[in-house]
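Structure record follows, encoded as structure tokens.
Any read-out appearing in this document is the output of simple, stated calculations on the displayed coordinates, not a laboratory observation. None of the values given here were measured: they were computed from a predicted structure. All Cβ positions, even for glycine, are placed from backbone atoms using ideal geometry, and neighbour counts span all protein chains on display.
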Amino acid sequence: TDHKNGKLPAGESYRLPTDAEWEYACRAGTQTTWSFGDDESKLGEYGWFKGNAPDAGEQYAHKVGLKKPNPAGLFDMHGNVWECCSDWYDGTLSGGADLVGPGGGSSRVIRGGSWMDAPGICRSAFRGNHGPSARSSNVGFRVARSQSEPGAQSEPAPQMAAAKKARLLKFKSNSIGMELVSIPAGKFLMGSPAVEKDRQADEEQVAVTLTKPFWLGKTEVTQAQFKKVMATEPWLNQGDVQIGEDNAASYVDWNDATAFCQRLTGLERKTGELQAGESYRLPTEAQWEYACRAGTQTTWSFGNDESQLDNYGWFKGNAQDVGQGFAHKVGMKTPNPWGLYDMHGNVWEWCSDWYDGTLSGGADLVGPGGGSIRVFRGGCWWDFPTPCCRAADRNCGPEGRASILGFRVVRSQSAQ
């Protein structure tokens, strides 16, 4: 059909993924048990399996995309339905390039586990097999689309370069269950080009180098995490708040965020979680934009198409305008190419820097030595897509509290 209507270029086709393609996409650069890590208790956040489907009286394939995606933005890679692959099944894996499986057999490979399976069956590596003509309530599929030209992409080239980097990233959890993403050292252009829609005067592009990798919070700090460390809930009895353990903490000023980092550092040094030389702190503005862009130079980390923002973040159009004027549960949207959630919208995120109306280039920038207002980044649930939720947009304010202000943390790395 797509060949006839011209939507599919010559040489491209739809087909089932190979066994190798499926696992490669599922892992999304990870080597952990599941694409989200090794903690089995997290599986319910990412997929439908025995524990949250038949054991809860829901014995069927569920609506797709309701759980968190993997770092590559793919939903339901663990559970819901087994997914058919093109390969005949063989009990021994073969290495090499562009594998297509054995030349024949009696059963086909299925992957991912299903709504009726235990967590171990839903692992990234687990391989099932199924008769090619057999139908079942727990077997389905997703498609692969070939590309006519090697390297041809529907996304801008920088986006694809970022995706390749994402495959090398590491993930870890800390003592309070906060997930962190390893951000590599590198160079980028900070700010925005003169032609970008709604560009602001303080975004003149400069070349920036970050010489050291760092860990960055996979999500904004949640209400549960903040309460666990600080034993306070500044959002209580305030307006424009939804109470929930996994909602982004709000009504947090710069001093609160800094104190959280200091206290978490102290707690983990006592328990030995932190190595000598490691600490938690707010990201610098340069670190924040570098991580947000994830190798891209587009308006948002997902490209230049404003209509796609709904897939990646909470903003005026899908929050404030539909009666959900509050900081939402973190990690519900698609992550950026480096596996970071909610970098566009939800809550503005405090950075460590004092604000200066002119960006400075160079290496390992920490901002001005003093000032009267601090930088915050990323836009929030009541902002328009532009200018506020763009990767380059810079905002600032006094160190006050508001329903639109939160933060995520950086953890330094002691050994590179």
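Annotation for the stretch 8-101: GluC sites (Glu not before Pro) lying in DSSP loop with at most 14 further Cβ atoms inside 10 Å of their Cβ are 58. For the stretch 268-365, the fraction of C-alpha pairs farther apart than 19 angstrom is 55 percent.
Placing +1 on the Cβ of every Lys and Arg and -1 on the Cβ of every Asp and Glu, with no other charges, gives the chain a dipole of roughly 720 debye about its Cα centre. Note on residue 197: aspartates and glutamates with a C-alpha under 13 Å away, same-chain residues under 8 apart excluded, are 305, 306, 393. Relative contact order for the chain: 17 percent, from Cα pairs under 8 Å spaced at least 6 residues apart, divided by residue count.
Across the stretch 307-393, C-alpha contacts under 8 Å between residues 6 or more apart give a mean separation that, scaled by the residue count, equals a relative contact order of 34 percent. Based on C-alpha pairs under 8 angstrom that are at least 6 apart in sequence, the stretch 272-416 has a relative contact order of 33 percent. Within the chain, what's the longest stretch lacking trypsin sites (Lys or Arg not before Pro) that sit in DSSP loops with no more than 14 other Cβ atoms inside 10 Å? Of all site-free stretches, the longest is 198-416. With the charge dipole of the stretch 297-346 set up from +1 on Lys and Arg Cβ and -1 on Asp and Glu Cβ about the Cα centre, the Cα lying farthest toward the positive end among the listed residues 330, 345, 298 is that of 330. With a Förster radius of 35 Å applied to the beta-carbon distance between residue 399 and residue 195, the computed FRET efficiency rounds to 0.50. Considering all alpha-carbon pairs of the stretch 2-153, what whole percent are spaced by more than 23 angstrom? In whole percent, the share of Cα-Cα pairs in the stretch 2-153 beyond 23 Å is 39.
With a Förster radius of 22 Å applied to the beta-carbon distance between residue 40 and residue 64, the computed FRET efficiency rounds to 0.45. In the stretch 174-253, Rg over Rh equals 1.12, where Rg is the alpha-carbon radius of gyration and Rh the Kirkwood radius from pairwise Cα distances.
If R0 is 22 Å, the Cβ-Cβ spacing of residue 1 and residue 146 corresponds to a FRET efficiency of close to 0.90.
For the pair the stretch 204-245 and the stretch 24-43, the centres of their Cα atoms are 23 angstrom apart. Of the residues 258, 118, 402, the one whose Cα sits farthest towards the positive end of the charge dipole of the chain is 118 (charges of +1 on Lys and Arg Cβ, -1 on Asp and Glu Cβ, taken about the Cα centre). Subtracting the Cα-Cα distance of residue 106 and residue 92 from their residue separation scaled by 0.36 nm leaves 3.6 nm. Around the Cα centre of the stretch 347-404, unit charges on the Cβ atoms of Lys, Arg, Asp and Glu (plus for the first two, minus for the last two) sum to a dipole of about 120 debye. The loop-placed GluC sites (Glu not before Pro) in the stretch 225-309, going by DSSP, that have at most 15 neighbouring Cβ atoms within 10 Å of their Cβ come out as 245, 273. Connecting C-alpha atoms closer than 10 Å in a GNM of the chain, tell me which of 73, 406, 112 has the biggest fluctuation. Looking only at 73, 406, 112, the biggest GNM fluctuation is shown by 73.
Its Cα centre serving as origin, the stretch 168-291 has a Cβ charge dipole (Lys and Arg +1, Asp and Glu -1) of approximately 660 debye. Out of 53, 370, 72, whose Cα points farthest toward the positive end of the dipole of the chain (charges: +1 Lys, Arg; -1 Asp, Glu; placed on Cβ)? Farthest towards the positive end: 53. If the elastic network links every pair of Cα atoms under 10 Å, which of 29, 378, 105 fluctuates the most in the Gaussian network model of the chain? Judging by the Gaussian network model, the answer is 105.
For residue 207 and residue 125, compute 0.36 nm times the residue count separating them, minus their Cα-Cα distance, and round to one decimal in nm. Stretched out fully, the residue 207 to residue 125 stretch lengthens by 25.4 nm.
Averaging Cα coordinates gives a centre for the stretch 80-113 and one for the stretch 277-348; these two points are 36 Å apart. Working from label points 7 Å from Cα in the Cα-to-Cβ sense, the residue 275 to residue 358 distance is 4.0 nm. Here the convex hull built on the C-alpha positions of the chain has a volume of 173 cubic angstrom per residue. One quarter of the surface of the convex hull around the alpha-carbon atoms of the stretch 188-324 equals 10.6 nm², the direction-averaged projected area.
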